Amino acid sequence: TPLIDHPAPCFQLPNLLNPTLTLDNRLLKNKVTIVNVWASWCAACVEEQQFIRTVAPSSQVQWLGFNYKADRQEALAWLQQYGNPYHYIAADAQGTAALDWGIYGTPETFVVDKKGFIRYKHIGPISLEDWQKDFVPLLTRLYQETV
């Protein structure tokens with residue numbers, strides 16, 4: 001992706017859990033963040049969600065979910081069924097913010113450093129092998145960097 005080593009695109013989206021609140025790029029500052037793009041209509045996201053629920057609590061990073069082109073009620077029902085490992089969930093119902101991120105499907109996952117720069121993009125569900133080989137070494141290094 002051309003976004004690697006560039007600032008994460010600006011976004012301003014409603015919070016899925018509380019649409020009266022807005023989420024934006026300020027969430028990406030001073031914290032290593034995993035931005036995970038998912039949708040309630042995505043079959044591969046179910047498998048990935050189960051994996052994320054096992055690694056998110058111990059990963060020492062912030063998890064931001066991007067709910068992509070999905071009905072809010074269906075997304076909430078999906079979270080009720082499969083669990084919510086995210087610290088925040090942005091609702092991109094029209095997919096407009098996703099275009100800026102270069103998202104063309106689900107699931108897709110980005111690693112953003114403490115300065116708000118995208119350092120990695122993973123397309124498809126995250127497997128244990130992906131997590132151990134690609135994510136853990138990068139997250140460890142980024143977590144240790146100072147802002």
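The values are calculated or read from the model by the stated rules, or taken from the named source; none is laboratory data. Since we're looking at a predicted model, the values are computed, not measured. Every residue, glycine among them, receives a Cβ derived from its backbone with ideal geometry; neighbour counts consider all protein chains shown. Ligands, DNA and RNA are excluded from the accessible area calculation, which covers all protein heavy atoms including side chains. Shrake-Rupley method; radii C 1.70, N 1.55, O 1.52, S 1.80 Å.
Evaluated at q = 0.11 Å⁻¹, a Debye calculation over the C-alpha positions of segment 46-140 (equal weights, vacuum) places log10 I(q)/I(0) at -0.32.
When the P(r) of segment 1-57 is calculated, the portion above 14 Å amounts to 70% of the C-alpha pairs. Seen from a random direction on average, the alpha-carbon convex hull of segment 54-101 projects onto 3.7 square nanometres.
A cut-off under 9 angstrom between Cβ atoms defines the neighbours of GLU145, and their net charge, with Lys, Arg +1 and Asp, Glu -1, is +2.
Remark: the chain carries 50 Å² of accessible area per residue (probe radius 1.4 Å; ligands, DNA and RNA excluded). Remark: the chain carries a charge dipole of roughly 440 debye about the Cα centre, counting +1 on each Lys and Arg Cβ and -1 on each Asp and Glu Cβ. Rounded to the nearest 10 square angstrom, SER59 shows an accessible area of 20 square angstrom against a 1.4 Å probe.
Simple spin-label estimate for LEU21 and ASP130 gives 2.8 nm between the two label positions (7 Å along the Cα-to-Cβ direction from each Cα). Unpaired Cys in the chain, meaning no second Cys C-beta under 4.7 Å: CYS10. Give me the percent of accessible area attributable to carbon and sulfur for segment 6-147, probe 1.4 angstrom. Looking at segment 6-147 in its full context, I get 52 percent from C and S.
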